[in-house]
Amino acid sequence: MVPLAAEVCNGFLIMSFGAAPPILFVIGPTGTGKSALALQVARELDAEIVNCDSRQVYADFPCITAQPSAEEKARCAHHLYGFLPSTKSMDAGKFVRMAQDVLADLQSRGKLPVLVGGTGLYMRSLVYGLAPIPDIPQDIHERILTLCQEQGPGKLHHRLQDEDPDTASRLHPHDWQRITRALEVYAATGRPLSWWIRMHPCDQPRYAAKSIGLWSDLEVLTPFLQARIENMCAQGAVQEVEQAWRRCPDESVPGWSGIGCWELLQAFLGRWSLEEAKRAWLKNTRAYAKRQLTWFKKEPSIDWWSPGQDISIVQAVKDWLGHSGVGTK
RNA sequence: GGAGGGGUACCCAAGUGGCCAAAGGGAGCAGACUGUAAAUCUGCCGGCGUAAGCCUUCGGAGGUUCAAAUCCUCCCCCCUCCA
């Protein structure tokens with residue numbers, strides 16, 4: 001796929017493609033076997049796998065975040081896994097920029113990108129784009145965060161009602177993370193967040209995305225999540241935490257907030273027993289899976305399957321590619 | 001056998017006459033979410049009901065009172081100490 005035309009629109013370069021390039025998503029809650037399915041698809045089609053998960057980017061936690069093994073990576077090219085130090089943060093904007101580069105590369109080589117992951121926001125941002133809000137300067141970010149700590153989110157919400165009433169009206173006064181984000185955007189750009197969104201509604205897909213969803217109800221999923229935790233511990237999750245702590249002994253850093261990482265760290269630091277840590281790990285994983293289900297439920301046009309139907313799914317993907325006429329060997 | 005402490009909703013736990021279907025926390029359930037998203041936040045959470053409301057709850061059985069989770073009597077269980 002090669003851009004046919006480039007046009008300037010509102011000062012931003014918009015690439016328009018002759019046809020939206022095809023990409024495949026494999027999504028669903030954690031622990032449903034997305035990675036294995038993606039590998040299966042990649043083996044049968046000329047595809048490469050691209051991470052679409054906010055946690056599998058961290059280099060320190062390959063086991064706990066269930067990144068592909070060396071053997072799996074040898075079998076098929078994997079992109080955007082395990083490259084980020086724990087001190088660095090990830091966000092949807094960075095992800096979209098990186099993923100776009102990878103996709104462009106794959107398309108130029110005629111490979112089908114298979115995006116695998118559970119981060120709904122990243123998936124949506126990649127397909128529909130994000131308002132082109134510039135990165136917020138660190139000093140502004142820190143200033144507003146400090147303000148929030150000192151004054152509390154309620155005060156800031158009040159301030160947001162002046163600066164960006166539209167955003168304020170849709171945010172709960174306790175939602176400090178989104179409130180500070182909105183204030184940052186205004187402070188850094190002089191425009192309210194709602195203005196950016198109005199100018200760039202991001203309601204048109206930029207790729208011909210096919211989404212395979214692996215659905216599993218929580219009750220069904222829970223025993224698998226439990227087993228996976230035990231499995232991860234057997235695979236060296238505890239040692240992974242020890243090593244990560246040696247490299248980065250600062251809990252407040254982004255990498256440590258991953259589910260399982262933080263809980264095991266509590267055990268490693270002697271605050272919890274290993275059993276307590278595992279219990280919290282499972283509970284938090286379950287809650288996370290539930291949030292994922294809630295998100296994906298309302299995501300449009302996902303082709304839902306039950307876990308374990310990989311062969312039929314591969315066939316469905318082939319049919320889709322046949323119809324779209326691109327990307328097959 | 002004696003002395004003391006205690007039994008409250010799925011769990012922990014506050015409540016010592018009316019403002020109590022009962023604080024708070026946890027768990028559970030549902031949801032929101034355009035750059036921290038494995039994050040952040042919200043709602044529900046005895047039963048029936050859209051609601052007003054009705055019904056059944058504070059170990060059990062009686063009693064006092066206009067009114068009891070709260071006071072009295074007896075009984076059952078648990079814990080600590082003394083023997």
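The numbers here are math on the coordinates, done by the rules we state, and not lab data. Model, not experiment: these values are computed from the prediction. Using ideal geometry, Cβ is built from the backbone for each residue, glycine included, and neighbour counts are taken over all protein chains shown.
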Among the residues of the range A:104-132, count how many are in contact (Cβ under 8 Å) with a residue 60 or more places away in the chain, within 16 Å of residue A:76 (Cβ to Cβ) and away from RNA strand B (no atom under 12 Å from the Cβ). 6
Looking at the range A:200-218, is at least one residue within 13 Å of RNA strand B (Cβ to nearest atom) and of a type in the set (Val, Ile, Thr)? no
If the Cβ limit is 7 Å and pairs must be 6+ apart or interchain, which residue in the range A:307-321 that is in contact (Cβ under 8 Å) with a residue 12 or more places away in the chain pairs with which residue that is in a helix (DSSP H, G or I)? A:310/A:37; A:310/A:40; A:313/A:37; A:314/A:40; A:314/A:41; A:314/A:44; A:317/A:41
Are any of the residues in the range A:286-293 surrounded by fewer than 18 Cβ atoms within 10 Å (Cβ to Cβ), of a type in the set (Lys, Arg) and under 26 Å from residue A:120 (Cβ atoms)? yes
What residue, of A:135, A:101, A:46, is without any contact (Cβ under 8 Å) to a residue 12 or more places away in the chain and either among the hydroxyl-bearing types (Ser, Thr, Tyr) or surrounded by fewer than 17 Cβ atoms within 10 Å (Cβ to Cβ) (or both)? A:101
Counting only residues that are under 23 Å from residue A:107 (Cα atoms) and more than 10 Å from RNA strand B (Cβ to nearest atom), the range A:55-92 contains a total of 13
Looking only at the range A:145-172, how many residues end up being within 9 Å of RNA strand B (Cβ to nearest atom) and among the aliphatic types (A, V, I, L, M)? 2
For a quick check of your reading of the model, give me the residue pairs whose first member lies in the range A:245-257 and is more than 17 Å from residue A:91 (Cβ to Cβ), whose second is of a type in the set (A, V, I, L, M) and part of a helix (DSSP H, G or I), with beta-carbon atoms closer than 7 Å and at least 6 apart or on different chains. A:245/A:265; A:251/A:265
Among the residues listed as A:159, A:143, A:191, the single one being in a loop (DSSP other than H, G, I, E, B), farther than 30 Å from residue A:29 by Cβ and of a type outside the set (A, V, I, L, M, F, W, C): A:191
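Say we look at the range A:173-188 and pick out the residues that are in a loop (DSSP other than H, G, I, E, B) and not acidic (Asp, Glu); which of these is nearest to RNA strand B (Cβ to nearest atom)?
Only one residue tops the list, namely A:174.
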